[in-house]
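A short worksheet on the structure shown next.
The values are calculated or read from the model by the stated rules, or taken from the named source; none is laboratory data. These numbers come from a predicted model, not from an experiment. Neighbour counts run over all protein chains shown; Cβ positions are idealised from the backbone, glycine included. Just so you know, the surface numbers come from the protein's heavy atoms only, side chains and all, with ligands and any DNA or RNA stripped out. Shrake-Rupley method; radii C 1.70, N 1.55, O 1.52, S 1.80 Å.
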Amino acid sequence: MTIRNLYESLVIAFSTYSSIPMPRVDWNDENMKYTICFFPLIGAVIGGISWLFAALAAALRIGVILRSAVLVLIPLAVTGGIHLDGLLDVADALSSWKPREERLAIMKDSHCGAFAVIWCCAYFLASFGVFSEMKTSSPSCMAQLLLTYMTARAYSGLALLTFPKAKNTGLLRTFSDRAMNDRGARILTGMLAAQTALMILMAPFRGLSCSLAGAAGFWLYRRLSEKTFGGITGDLAGCFLCLEELCMAAVMALVG
(Lines give C-alpha, C1' and ligand atoms only; values in the text may rest on other atoms or scores of the structure.)
Protein backbone atom coordinates (compact mmCIF):
# COMPACT_ATOMS: atom_id res chain seq x y z
CA MET A 1 0.00 0.00 0.00
CA THR A 2 1.53 3.31 -1.13
CA ILE A 3 0.66 6.96 -0.49
CA ARG A 4 -0.79 7.05 -4.00
CA ASN A 5 -3.08 4.10 -3.20
CA LEU A 6 -4.30 5.86 -0.05
CA TYR A 7 -4.93 9.07 -1.99
CA GLU A 8 -6.89 7.17 -4.63
CA SER A 9 -8.86 5.39 -1.87
CA LEU A 10 -9.78 8.83 -0.56
CA VAL A 11 -10.85 9.95 -4.04
CA ILE A 12 -13.02 6.86 -4.50
CA ALA A 13 -14.71 7.46 -1.13
CA PHE A 14 -15.55 11.07 -1.97
CA SER A 15 -16.56 10.35 -5.57
CA THR A 16 -18.93 7.59 -4.39
CA TYR A 17 -20.47 9.08 -1.26
CA SER A 18 -20.41 12.80 -2.03
CA SER A 19 -21.22 15.18 -4.86
CA ILE A 20 -17.83 16.92 -4.53
CA PRO A 21 -15.99 16.80 -7.90
CA MET A 22 -13.04 14.41 -7.80
CA PRO A 23 -10.39 13.32 -10.31
CA ARG A 24 -10.88 9.99 -12.04
CA VAL A 25 -8.93 7.04 -10.60
CA ASP A 26 -8.89 3.29 -11.17
CA TRP A 27 -11.27 1.22 -9.03
CA ASN A 28 -8.84 -1.65 -8.53
CA ASP A 29 -8.27 -3.92 -5.55
CA GLU A 30 -5.32 -1.95 -4.16
CA ASN A 31 -7.15 1.37 -4.32
CA MET A 32 -10.28 0.03 -2.66
CA LYS A 33 -8.71 -1.72 0.34
CA TYR A 34 -9.09 1.29 2.63
CA THR A 35 -11.75 3.31 0.82
CA ILE A 36 -14.35 2.85 3.53
CA CYS A 37 -11.88 4.12 6.17
CA PHE A 38 -12.07 7.56 4.52
CA PHE A 39 -15.87 7.61 4.68
CA PRO A 40 -15.94 9.56 8.00
CA LEU A 41 -14.01 12.41 6.37
CA ILE A 42 -17.10 13.22 4.31
CA GLY A 43 -18.87 13.75 7.62
CA ALA A 44 -16.08 16.12 8.62
CA VAL A 45 -16.72 18.16 5.46
CA ILE A 46 -20.45 18.31 6.18
CA GLY A 47 -19.83 19.27 9.80
CA GLY A 48 -17.22 21.86 8.84
CA ILE A 49 -19.52 23.57 6.33
CA SER A 50 -22.36 23.50 8.87
CA TRP A 51 -20.11 25.04 11.52
CA LEU A 52 -18.99 27.82 9.16
CA PHE A 53 -22.57 28.58 8.16
CA ALA A 54 -23.72 28.63 11.79
CA ALA A 55 -20.99 31.16 12.59
CA LEU A 56 -22.01 33.26 9.59
CA ALA A 57 -25.68 33.04 10.59
CA ALA A 58 -24.84 34.24 14.09
CA ALA A 59 -22.75 37.15 12.75
CA LEU A 60 -25.49 38.23 10.31
CA ARG A 61 -28.28 37.52 12.80
CA ILE A 62 -30.04 35.19 10.38
CA GLY A 63 -33.36 33.98 11.78
CA VAL A 64 -33.87 30.50 13.18
CA ILE A 65 -36.13 29.36 10.31
CA LEU A 66 -33.69 30.12 7.50
CA ARG A 67 -30.73 28.94 9.58
CA SER A 68 -32.37 25.61 10.35
CA ALA A 69 -33.47 25.07 6.75
CA VAL A 70 -29.93 25.59 5.44
CA LEU A 71 -28.43 23.29 8.09
CA VAL A 72 -30.91 20.58 7.04
CA LEU A 73 -29.96 20.96 3.38
CA ILE A 74 -26.16 21.06 3.76
CA PRO A 75 -25.78 17.25 4.18
CA LEU A 76 -28.09 16.73 1.19
CA ALA A 77 -26.02 19.11 -0.95
CA VAL A 78 -22.70 17.50 0.01
CA THR A 79 -23.84 13.89 -0.44
CA GLY A 80 -26.07 14.43 -3.45
CA GLY A 81 -28.89 12.55 -1.71
CA ILE A 82 -27.28 9.10 -2.04
CA HIS A 83 -28.17 8.12 1.53
CA LEU A 84 -31.65 9.65 1.45
CA ASP A 85 -32.39 7.44 -1.55
CA GLY A 86 -31.75 4.43 0.70
CA LEU A 87 -34.10 5.78 3.36
CA LEU A 88 -36.93 6.11 0.83
CA ASP A 89 -36.33 2.65 -0.67
CA VAL A 90 -36.39 1.07 2.80
CA ALA A 91 -39.57 3.00 3.63
CA ASP A 92 -41.37 1.41 0.67
CA ALA A 93 -39.99 -2.04 1.48
CA LEU A 94 -40.94 -1.98 5.16
CA SER A 95 -44.37 -0.50 4.49
CA SER A 96 -45.22 -3.27 2.03
CA TRP A 97 -45.34 -5.95 4.80
CA LYS A 98 -44.23 -8.46 2.16
CA PRO A 99 -41.91 -11.47 2.70
CA ARG A 100 -38.16 -10.88 2.83
CA GLU A 101 -37.39 -11.59 -0.83
CA GLU A 102 -40.16 -9.30 -2.03
CA ARG A 103 -38.92 -6.51 0.27
CA LEU A 104 -35.45 -6.82 -1.24
CA ALA A 105 -36.99 -6.63 -4.71
CA ILE A 106 -38.97 -3.51 -3.76
CA MET A 107 -35.76 -1.78 -2.65
CA LYS A 108 -34.31 -2.37 -6.12
CA ASP A 109 -37.34 -0.81 -7.82
CA SER A 110 -36.55 2.70 -9.10
CA HIS A 111 -40.13 3.88 -8.61
CA CYS A 112 -41.04 5.94 -5.54
CA GLY A 113 -44.07 4.80 -3.52
CA ALA A 114 -46.43 6.79 -1.34
CA PHE A 115 -44.77 5.68 1.90
CA ALA A 116 -41.39 6.87 0.65
CA VAL A 117 -42.86 10.35 0.13
CA ILE A 118 -44.42 10.28 3.60
CA TRP A 119 -41.15 9.19 5.23
CA CYS A 120 -39.25 11.86 3.29
CA CYS A 121 -41.56 14.64 4.49
CA ALA A 122 -41.42 13.33 8.07
CA TYR A 123 -37.62 13.10 7.95
CA PHE A 124 -37.13 16.68 6.79
CA LEU A 125 -39.75 18.00 9.19
CA ALA A 126 -38.07 16.23 12.11
CA SER A 127 -34.63 17.45 11.00
CA PHE A 128 -35.89 21.03 10.76
CA GLY A 129 -37.36 20.81 14.24
CA VAL A 130 -34.14 19.39 15.67
CA PHE A 131 -31.93 22.13 14.20
CA SER A 132 -34.34 24.84 15.29
CA GLU A 133 -33.83 23.69 18.90
CA MET A 134 -30.05 23.28 18.69
CA LYS A 135 -27.67 25.90 20.11
CA THR A 136 -25.90 26.46 16.80
CA SER A 137 -24.24 29.63 18.10
CA SER A 138 -22.19 27.51 20.52
CA PRO A 139 -18.79 26.45 19.12
CA SER A 140 -18.73 23.33 21.30
CA CYS A 141 -22.19 22.34 20.05
CA MET A 142 -21.17 22.70 16.40
CA ALA A 143 -17.91 20.86 17.03
CA GLN A 144 -19.90 17.98 18.51
CA LEU A 145 -22.27 18.08 15.54
CA LEU A 146 -19.26 17.70 13.23
CA LEU A 147 -18.20 14.66 15.24
CA THR A 148 -21.68 13.12 15.02
CA TYR A 149 -21.52 13.27 11.21
CA MET A 150 -18.17 11.49 11.37
CA THR A 151 -19.39 9.00 13.98
CA ALA A 152 -22.44 8.01 11.95
CA ARG A 153 -20.20 7.25 8.97
CA ALA A 154 -17.67 5.35 11.08
CA TYR A 155 -20.50 3.15 12.36
CA SER A 156 -21.83 2.71 8.82
CA GLY A 157 -18.40 1.70 7.55
CA LEU A 158 -17.90 -0.70 10.46
CA ALA A 159 -21.25 -2.31 9.67
CA LEU A 160 -20.24 -2.70 6.01
CA LEU A 161 -17.10 -4.56 7.07
CA THR A 162 -18.57 -6.75 9.82
CA PHE A 163 -22.34 -7.25 9.39
CA PRO A 164 -23.89 -10.09 7.33
CA LYS A 165 -24.89 -9.05 3.81
CA ALA A 166 -28.37 -9.68 2.45
CA LYS A 167 -27.19 -9.91 -1.18
CA ASN A 168 -24.13 -11.01 -3.12
CA THR A 169 -24.38 -8.07 -5.53
CA GLY A 170 -24.52 -4.29 -5.31
CA LEU A 171 -22.20 -1.40 -4.46
CA LEU A 172 -22.05 -2.25 -0.75
CA ARG A 173 -20.97 -5.80 -1.55
CA THR A 174 -18.32 -4.51 -3.97
CA PHE A 175 -16.73 -2.32 -1.28
CA SER A 176 -16.98 -5.10 1.31
CA ASP A 177 -15.36 -7.74 -0.91
CA ARG A 178 -12.40 -5.51 -1.81
CA ALA A 179 -11.82 -4.03 1.64
CA MET A 180 -9.25 -5.11 4.24
CA ASN A 181 -12.07 -6.07 6.58
CA ASP A 182 -10.19 -6.87 9.80
CA ARG A 183 -7.71 -4.02 9.53
CA GLY A 184 -10.36 -1.59 8.30
CA ALA A 185 -12.62 -2.53 11.21
CA ARG A 186 -9.79 -1.81 13.65
CA ILE A 187 -9.14 1.57 12.04
CA LEU A 188 -12.81 2.56 12.19
CA THR A 189 -13.10 1.34 15.78
CA GLY A 190 -10.13 3.52 16.68
CA MET A 191 -11.80 6.48 14.97
CA LEU A 192 -14.99 5.86 16.93
CA ALA A 193 -13.08 5.73 20.21
CA ALA A 194 -11.30 9.01 19.44
CA GLN A 195 -14.50 10.75 18.32
CA THR A 196 -16.36 9.57 21.41
CA ALA A 197 -13.59 10.80 23.70
CA LEU A 198 -13.57 14.22 22.00
CA MET A 199 -17.35 14.58 22.25
CA ILE A 200 -17.30 13.76 25.94
CA LEU A 201 -14.38 16.10 26.63
CA MET A 202 -16.16 19.03 24.94
CA ALA A 203 -19.39 18.71 26.91
CA PRO A 204 -19.47 15.56 29.07
CA PHE A 205 -23.19 14.93 29.53
CA ARG A 206 -24.21 15.92 26.01
CA GLY A 207 -21.26 14.05 24.50
CA LEU A 208 -21.97 10.89 26.48
CA SER A 209 -25.66 11.05 25.58
CA CYS A 210 -24.85 11.37 21.86
CA SER A 211 -22.37 8.53 22.03
CA LEU A 212 -24.86 6.22 23.72
CA ALA A 213 -27.50 7.12 21.12
CA GLY A 214 -25.06 6.31 18.32
CA ALA A 215 -24.12 2.96 19.85
CA ALA A 216 -27.78 2.06 20.40
CA GLY A 217 -28.58 2.90 16.77
CA PHE A 218 -25.73 0.68 15.59
CA TRP A 219 -27.02 -2.24 17.67
CA LEU A 220 -30.58 -1.77 16.42
CA TYR A 221 -29.32 -1.55 12.83
CA ARG A 222 -27.78 -5.00 13.03
CA ARG A 223 -30.71 -6.54 14.87
CA LEU A 224 -33.42 -5.20 12.57
CA SER A 225 -31.49 -5.73 9.31
CA GLU A 226 -30.81 -9.39 10.09
CA LYS A 227 -34.33 -10.05 11.33
CA THR A 228 -36.15 -8.25 8.52
CA PHE A 229 -33.84 -8.54 5.51
CA GLY A 230 -31.32 -11.25 6.38
CA GLY A 231 -28.44 -8.75 6.42
CA ILE A 232 -27.54 -5.28 5.24
CA THR A 233 -27.73 -3.74 1.76
CA GLY A 234 -26.68 -0.41 0.31
CA ASP A 235 -30.19 0.96 0.82
CA LEU A 236 -30.26 -0.16 4.44
CA ALA A 237 -26.86 1.47 4.96
CA GLY A 238 -28.21 4.77 3.60
CA CYS A 239 -31.33 4.52 5.75
CA PHE A 240 -29.25 3.82 8.85
CA LEU A 241 -26.96 6.78 8.19
CA CYS A 242 -29.86 9.22 7.79
CA LEU A 243 -31.61 8.04 10.96
CA GLU A 244 -28.37 7.81 12.95
CA GLU A 245 -27.51 11.42 12.12
CA LEU A 246 -31.01 12.57 12.99
CA CYS A 247 -31.13 10.69 16.31
CA MET A 248 -27.74 11.92 17.48
CA ALA A 249 -28.62 15.49 16.51
CA ALA A 250 -31.94 15.17 18.34
CA VAL A 251 -30.15 14.06 21.50
CA MET A 252 -27.79 17.03 21.16
CA ALA A 253 -30.72 19.43 20.83
CA LEU A 254 -32.64 17.96 23.77
CA VAL A 255 -29.65 17.70 26.10
CA GLY A 256 -28.27 21.09 25.06
Any helix of the chain counts here only if DSSP assigns it H throughout, its Cα atoms span 27 Å or more along the axis, and its mean Kyte-Doolittle hydropathy is at least -0.5, and such helices are 39-60, 114-133, 139-162, 181-202, 204-229, 234-255
Cα pair count fraction exceeding 22 Å, expressed as % - the chain: 55
Protein-only accessible surface order, largest first, of 7, 34 at 1.4 Å: 7, 34
Sort 206-213, 230-237, 93-100 by the packing proxy (mean of other Cβ within 10 Å over each peptide's residues), most packed first. 230-237, 206-213, 93-100
Once ligands and nucleic acids are excluded and a 1.4 Å probe is used, how much of residue 18 is accessible, expressed in Å² to the nearest 10? 10
Report the one residue of 239, 225, 207 whose Cα lies farthest in the direction of the positive end of the charge dipole of the stretch 204-256 (charges on C-beta: Lys and Arg +1, Asp and Glu -1; origin at the Cα centre). 207
Give me the extension gain from residue 133 to residue 215: residue separation times 0.36 nm, minus the current Cα-Cα distance, reported in nm with one decimal. 27.2 nm
Taking R0 as 41 Å and r as the Cβ-Cβ distance between residue 6 and residue 111, the FRET efficiency 1/(1 + (r/R0)^6), rounded to the nearest 0.05, comes to 0.55
If ligands, DNA and RNA are left out, what is the accessible area of residue 147 with a 1.4 Å probe, given in Å² to the nearest 10? 10
Mind checking which lysines have their Cα closer than 30 Å to the Cα of residue 98? Skip sequence neighbours fewer than 8 apart in that chain. 108, 165, 167, 227
Per-residue SASA entry for residue 222, accessible area with 1.4 Å probe, Å² rounded to 10: 100
Using Cα-only point scatterers and the Debye equation, what is log10 of I(q)/I(0) for the stretch 177-248 at each q in 0.11, 0.27 Å⁻¹, rounded to two decimals? -0.34, -1.21
So with the 1.4 Å probe, I'd like the accessible area per residue for the stretch 24-93, rounded to whole Å². 44
Label-point separation (nm) for residue 19 and residue 100, each offset 7 Å from Cα along Cα-to-Cβ? 3.6
Top positive-direction residue, dipole computed over the stretch 119-250 with Cβ charges, set 146, 193, 121: 193
Under the definition of Cα pairs under 8 Å and six or more residues apart, what whole-number percent is the relative contact order of the chain? 27
Under a point spin-label approximation (7 Å from Cα along Cα-to-Cβ), what is the residue 60-residue 120 distance to one decimal in nm? 2.8
